[in-house]
Amino acid sequence: MKIHVPSIPLDGKSFEFDQATPWFRGIFYQRFSDIFPKEGRAFIKANLQRTSQNVTFTGQVTASLLPTCSRCGVEFSMQLDFPFLRNLAPFFPKPEGNLNKEEEIELSVDDLEFSFYHHEEIDLAEIISEEIDLALPMRFLCSEACQGLCPTCGANLNQQTCQCPPTESLSPFSVLKEIKRKS
């Protein structure tokens with residue numbers, strides 16, 4: 001969904017969308033289809049506030065997800081619920097030569113909440129997709145106490161105790177144990 005910046009009233013524009021809205025549903029079905037179930041629910045409540053050419057985009061996204069646990073491989077249901085804030089300004093190209101190409105720039109936390117828009121249009125779908133990407137955990141866990149799978153027999157250690165004999169550690173430091181015993 002694209003918004004034309006001059007059409008945003010100075011007192012702001014609020015909106016709400018759910019999974020029945022085609023462009024919002026498309027975000028989940030196209031980019032997050034592996035964790036968003038077909039019958040999944042998603043909701044966004046957001047506000048656009050314009051000050052001259054700058055725009056503040058704030059909101060709250062809620063979605064039901066069905067990811068697979070990274071430790072035990074079992075699908076589980078989870079609720080993603082997070083607020084977001086993005087400050088947007090028009091993009092004006094800089095003349096070349098202001099910054100050396102090898103020079104590194106360190107970003108601050110405030111820089112992560114800032115973006116540019118082009119040609120007086122803001123693509124809300126792109127911004128919301130980025131915010132969802134940032135809100136997702138690095139790896140999904142069904143619980144913090146998940147014990148995962150046995151590396152030998154593959155048994156789910158959350159559901160059963162495996163009968164595998166304990167394995168010796170193949171640590172490169174295991175040789176040091178032998179040296180200590182001899183002396």
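From the backbone phi of the range 155-160, what are the Karplus-calculated ³J(HN,Hα) couplings (6.51 cos²θ - 1.76 cosθ + 1.60, θ = phi - 60°) in whole Hz, Gly and Pro given as x?
Once θ is set to phi - 60°, the couplings for the range 155-160 become 5, 6, 6, 7, 9, 8 Hz.
Between beta-carbons, use under 10 Å as the cut-off and find the net charge around residue 142, counting Lys and Arg +1, Asp and Glu -1.
Net of charged neighbours comes to -1.
Where in the range 1-48 are there trypsin sites (Lys or Arg not before Pro) that are in a DSSP coil and have at most 15 other Cβ atoms within 10 angstrom of their Cβ?
38, 41
Please list, ordered by chain and number, the residues whose modelled amide H lies under 5 Å from the amide H of residue 141; skip anything fewer than 5 residues away on the same chain.
Amide H to amide H, under 5 Å and 5 or more residues apart or across chains, residue 141 pairs with 70.
Work out from phi, with θ = phi - 60° and the Karplus expression 6.51 cos²θ - 1.76 cosθ + 1.60, the ³J(HN,Hα) of each residue of the range 130-144, listed in order in whole Hz, and give x for Gly and Pro.
Coupling constants for the range 130-144: 5, 5, 5, 4, 6, 7, 5, x, 4, 9, 8, 10, 5, 7, 5 Hz.
Could you give each residue of the range 46-61 its phi-based ³J(HN,Hα) in whole Hz, using Karplus coefficients 6.51, -1.76, 1.60 with θ = phi - 60°, and x for Gly or Pro?
Residue by residue, the range 46-61 yields 9, 9, 10, 10, 9, 10, 6, 9, 8, 10, 10, 10, 10, x, 9, 10 Hz.
Read-outs throughout are calculated quantities, based only on the coordinates presented, and are distinct from any laboratory measurement. Small disclaimer: the values here were computed from a predicted structure and weren't measured. Counting neighbours? That spans all protein chains shown, and the Cβs are built from the backbone with ideal geometry, glycine included.
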